[in-house]
Amino acid sequence: MKSYSTFSDADLIILLKHDDQYAYTEIFERYNEVLLRHAYRILTDKDEINDVVQDVFLTLWQKRSVLEFKVSLVSYLSISVRNRIFDLLSHKKIVLKYAASFNKFLIEGYNITDDEIRERELSKIIEREIDHLPSKMKQVFLMNKKDGLSYKEIAARLNITDQTAKQQVYKALKILKPKLDSFMSAFPFL
């Protein structure tokens, strides 16, 4: 068997583009810790850091045949991590804005005003979109986001791995984000 640890990044990229899983594994082992440290400079939540880096590596594998590397492999991966962090932070602002609106709605009750009607509509849309998630994904997502359970607690309750719980929440957010973004852009004053 080849010793992939001796290959240059350029050689690994070529092998990766030809679906070589060992080349992908070597890239992961070579740069995972570097990318985790890079993400830690901006984020402090370990789950978010791991999710961001995992997503970068997942995308690398999924798009391996079409990727064009105009910079070094480590630069490409670092830029990808930075961009995913910016996307995450942008998404957090939207979620916080929604959470504040939703909390106001819960506290103030059912006073019928235009804003509150829109808030209720947004709440219904979110609930409907969550209901459309696959059942296991929905269950894990609600346990994490609604019940506030950690990935470890979810894993213990459902007899799955922490990583599976993380992936289910991440996938749910990937599905929900575009749908909520389109609604939020239609009502920028929410």
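The values are calculated or read from the model by the stated rules, or taken from the named source; none is laboratory data. Bear in mind the structure is a predicted one, so any value in this text is a computation, not a measurement. Areas reflect the complete protein model, heavy atoms only, side chains present, ligands, DNA and RNA absent. Shrake-Rupley method; radii C 1.70, N 1.55, O 1.52, S 1.80 Å.
Could you list log10 I(q)/I(0) for segment 9-93 at q = 0.17 Å⁻¹, which the Debye formula gives when each Cα is one point scatterer? Normalising to I(0) and taking log10 leaves -0.66. A 24 angstrom limit on the alpha carbon distance is what I want to check against. Which of Lys124/Lys177; Lys17/Lys138; Lys146/Lys177; Lys17/Lys70 exceed it? Those over the limit are Lys17/Lys138. Note on exposure: Val74, Val56, Val66 ranked by accessible area (1.4 Å probe, complete protein assembly) read Val66, Val74, Val56, with the most exposed listed first.
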